[in-house]
Structure formats: C-alpha cells, structure tokens
1. With the checklist (1) out of contact with any Asp or Glu (no Cβ under 9 Å at 6 or more places or on another chain); (2) surrounded by 10 or more Cβ atoms within 10 Å (Cβ to Cβ) in hand, flag the one item Ser111 doesn't pass.
2. Can you tell me which residue is nearest to the chain's Cα centre (by Cα) among those in the stretch 88-97 that are of a type outside the set (A, V, I, L, M, F, W, C) and surrounded by 11 or more Cβ atoms within 10 Å (Cβ to Cβ)?
3. Within the stretch 80-87, identify whether any single residue is acidic (Asp, Glu) and either surrounded by 11 or more Cβ atoms within 10 Å (Cβ to Cβ) or modelled with pLDDT of 95 or more (or both), and answer yes or no.
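The values are calculated or read from the model by the stated rules, or taken from the named source; none is laboratory data. Predicted model, so just to flag it, every value in this text is computed and none were measured. Here the Cβ positions follow ideal geometry from the backbone for every residue, glycine too, while neighbour counts run over all protein chains shown.
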Amino acid sequence: MARVKRGFKARRRRNKVLKLAKGFHFDRRTKFKHTSETVRRALHNVYKGRRLLKRDMRKLWIVRINAAARVVGTTYSQLIGSLKKNDIKLNRKMLSEIAARDLEGFKAIYSSLK
C-alpha cells in the first residue's frame, strides 16, 4: 500500500487552529502544539464567560433596583413581591434601566403599587 503524506489535509487542520490564535504571543501563536492547547482553553473560557456575563448582569440589575427602592422607602424583596402581587410584568433589566435613568418614573411605578 502506498504511503500517504497527509500534506494538504494536515496543513488545513493546523492552519484552522493557527488562525484562531491571531493576537497570541510567542510560541502560543507559531507552534502548533502550544497553539492548539491555548486555543482550546481560550474557547472554553469564552464559553464560560458568556454564562458568567448573564449572572453578573442580573446581579447588577438587582443592585440598581435595590438602591432605587431604598430611595423610595422600601426594599428590593418587598418591591418585587408587590410587583408580582399587582401583576406588573416588568423584568429586572427594564426596571433597573428605569431606576438608573428615570427615578421619577420609578417612583411612579412604586406609587402605582399601593
């Protein structure tokens, strides 16, 4: 059986990984063995980061809502409980934007709960 040198296929596979390493330094960009390990870790961290971002943003929204709730004289948990009881469907993202940018609007939402 004839020997197969794998030139084209192997080069294409390596180049795909090396292309993802654009911006890396030293051997992490040029040597395939180092590059493949670094790219694998980088892709894993990017995946993890997308999940952590969602978690961090929700924490930020809750902090903003709580700060505005304290200004109007209540707490975060009481405010969210009142919103649910009165069937006001504002998600935390929008509520935090209102709290951060339009405190008068937030006060109007709070006063409509009573």
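1. (2)
2. As a first pass, look at the stretch 88-97 and keep what is of a type outside the set (A, V, I, L, M, F, W, C): 89, 91-93, 96-97.
Keeping just the survivors that are surrounded by 11 or more Cβ atoms within 10 Å (Cβ to Cβ) gives 92-93, 96-97.
Working: Arg92: 15, Lys93: 13, Ser96: 17, Glu97: 17 Å.
So the residue we want is Lys93.
3. We begin by selecting, within the stretch 80-87, every residue acidic (Asp, Glu); these are 87.
After this cut, where a residue has to be either surrounded by 11 or more Cβ atoms within 10 Å (Cβ to Cβ) or modelled with pLDDT of 95 or more (or both) as well, the list is none.
Within the stretch 80-87 (the criterion being acidic (Asp, Glu) and either surrounded by 11 or more Cβ atoms within 10 Å (Cβ to Cβ) or modelled with pLDDT of 95 or more (or both)), the answer is no, since none of the residues qualifies.
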